[in-house]
Amino acid sequence: MTKNNIHVLKDKSVEIISICSAIVLWQIIAVYVVGNKFYLPSFTDVIGALAEIMSRDSNLVIMGLNMQLPMLLVDFFYSMMHFSIGLIAALVIGIPIGMIMGWFRTIDRIVDPIVEMVRPIPPLAWIPFAIIWIGLNPFAAGFLIFIGAVFPIMINTFTGFKSVSRVYVEAAKVLGCNNNHELIRYVAFPSALPSIAAGIRIAMGVGWMCLVAAEMFGVSRNGLGYQMWHFYDLHRMEFVLLYMLILGFLGLFIDRLLRYYIDGKLLKWRKGVVI
């Protein structure tokens with residue numbers, strides 16, 4: 001076993017010990033200090049809720065097909081569908097607008113006041129209009145996630161393009177990039193990519209919070225956030241805490257996956273290529 005492997009193993013063991021200690025402390029406090037699972041369900045209560053929820057089935061209706069699947073899997077599917085709709089829309093709209101604002105000063109002066117006026121409005125304030133305009137369907141939830149995610153992407157893209165060094169631009173012109181399309185493709189976009197990636201990570205965190213709120217407050221009738229509110233109405237707090245933990249783990253997994261792909265693939269040049 002190499003020194004690097006030993007070091008990684010030690011790091012993982014510390015993380016495992018930390019998590020196990022937190023679970024033990026949680027169990028002790030819930031059972032012996034609080035003593036009421038309505039206020040704080042214990043770890044064993046949550047495990048029991050997980051076993052119960054895995055035994056329940058629910059209907060997944062998609063493209064005219066009605067399938068019976070485990071309830072947790074159905075909720076996961078709907079939440080990821082809502083999240084994907086909003087995030088993809090934010091990427092498709094936020095990145096081009098940020099690029100145009102950062103590259104063309106006149107466009108920036110026209111669009112910036114509108115963006116800065118709409119951006120401070122909390123995404124949840126759009127819930128009434130989401131329901132009126134779109135109705136209770138996945139696109140209404142996706143709309144709220146879009147509102148929360150589009151501005152971090154747009155602003156970070158704008159900042160990245162605004163910060164492109166003039167030296168790079170002039171050097172590219174000398175080497176044959178004679179129009180805006182080529183300058184943006186070969187100079188500005190690669191230079192701004194770290195800033196865009198940071199904006200996407202921020203947007204994913206904001207969008208994930210908007211997803212839970214959208215599902216909890218009635219924009220959707222399915223999903224992990226909706227089930228949290230449903231079980232709260234039933235006073236089954238162990239299920240509420242279970243769905244909270246699932247949302248946390250999913251958010252962590254998505255963030256790690258994005259970081260691995262962007263830092264390990266798209267931004268590998270920042271660390272240098274190891275041969």
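The values are calculated or read from the model by the stated rules, or taken from the named source; none is laboratory data. In this text, all values refer to a predicted model and were calculated from it rather than measured experimentally. Please note: Cβ atoms are built from the backbone with ideal geometry, for glycine as well, and neighbour counts cover all protein chains shown.
No other residue among Leu87, Leu25, Leu91 is in contact with a Gly (Cβ under 6 Å, 6 or more places away or on another chain), aliphatic (A, V, I, L, M) and modelled with pLDDT of 90 or more apart from Leu87. Residue pairs whose Cβ atoms lie under 6 Å apart, separated by 6 or more positions or on different chains, with the first residue in the stretch 213-226 and free of Cβ contacts under 8 Å to residues at least 60 places away in the same chain and the second of a type in the set (A, V, I, L, M, F, W, C), are Met216/Trp229.
Tally time: how many residues in the stretch 231-256 are modelled with pLDDT under 85 and either within 21 Å of Ala49 (Cα to Cα) or in contact with a helix residue (DSSP H, G or I) (Cβ under 9 Å, 6 or more places away or on another chain) (or both)? Matching residues across the stretch 231-256 total 3. Residues in the stretch 58-71: is at least one outside any helix (DSSP H, G or I), modelled with pLDDT of 85 or more and out of contact with any His (no Cβ under 6 Å at 6 or more places or on another chain)? Checked against the condition, which is being outside any helix (DSSP H, G or I), modelled with pLDDT of 85 or more and out of contact with any His (no Cβ under 6 Å at 6 or more places or on another chain), the stretch 58-71 yields no hits at all. The C-beta contact set for the stretch 139-157 (first residue touching a residue at least 40 places away in the same chain (Cβ under 8 Å), second residue outside any helix (DSSP H, G or I) and of a type in the set (Lys, Arg), distance under 7 angstrom, 6+ apart or interchain) comprises Phe151/Arg119.
If the condition is being assigned to a helix (DSSP H, G or I) and surrounded by fewer than 18 Cβ atoms within 10 Å (Cβ to Cβ), then the stretch 109-123 contributes Arg109, Ile110, Val111, Asp112, Pro113, Ile114, Val115, Glu116, Met117, Val118. Filtering the stretch 143-183 to residues that are out of contact with any Lys or Arg (no Cβ under 8 Å at 6 or more places or on another chain), part of a helix (DSSP H, G or I), surrounded by fewer than 20 Cβ atoms within 10 Å (Cβ to Cβ) and of a type outside the set (S, T, N, Q) leaves Lys162, Arg166, Val167, Tyr168, Val169, Glu170, Ala171, Ala172, Lys173, Val174, His181, Glu182.
Over 30 Å from Asp75 (Cβ atoms), aliphatic (A, V, I, L, M) and touching a helix residue (DSSP H, G or I) at 6+ places or on another chain (Cβ under 8 Å) - does that describe any residue in the stretch 165-182? Checked the stretch 165-182: at least one residue is over 30 Å from Asp75 (Cβ atoms), aliphatic (A, V, I, L, M) and touching a helix residue (DSSP H, G or I) at 6+ places or on another chain (Cβ under 8 Å).
A count restricted to the stretch 128-153 and to residues that are among the aliphatic types (A, V, I, L, M) and closer than 9 Å to Ser220 by Cα stands at 3.
Of all residues in the stretch 219-237, those satisfying the criterion of being closer than 23 Å to Ala30 by Cα and surrounded by fewer than 19 Cβ atoms within 10 Å (Cβ to Cβ) are Trp229, His230, Tyr232, Asp233, Leu234, His235, Arg236. When Ala198, Ala192, Ala188, Ala213 are checked against the criterion of being more than 19 Å from Val74 (Cβ to Cβ) and modelled with pLDDT of 85 or more, a single residue qualifies: Ala198.
Only one of the listed residues (Val219, Val167, Val187) is among the β-branched types (Val, Ile, Thr), under 20 Å from the mean Cα position of the chain (by Cα) and farther than 20 Å from Gly94 by Cβ. That residue is Val219.
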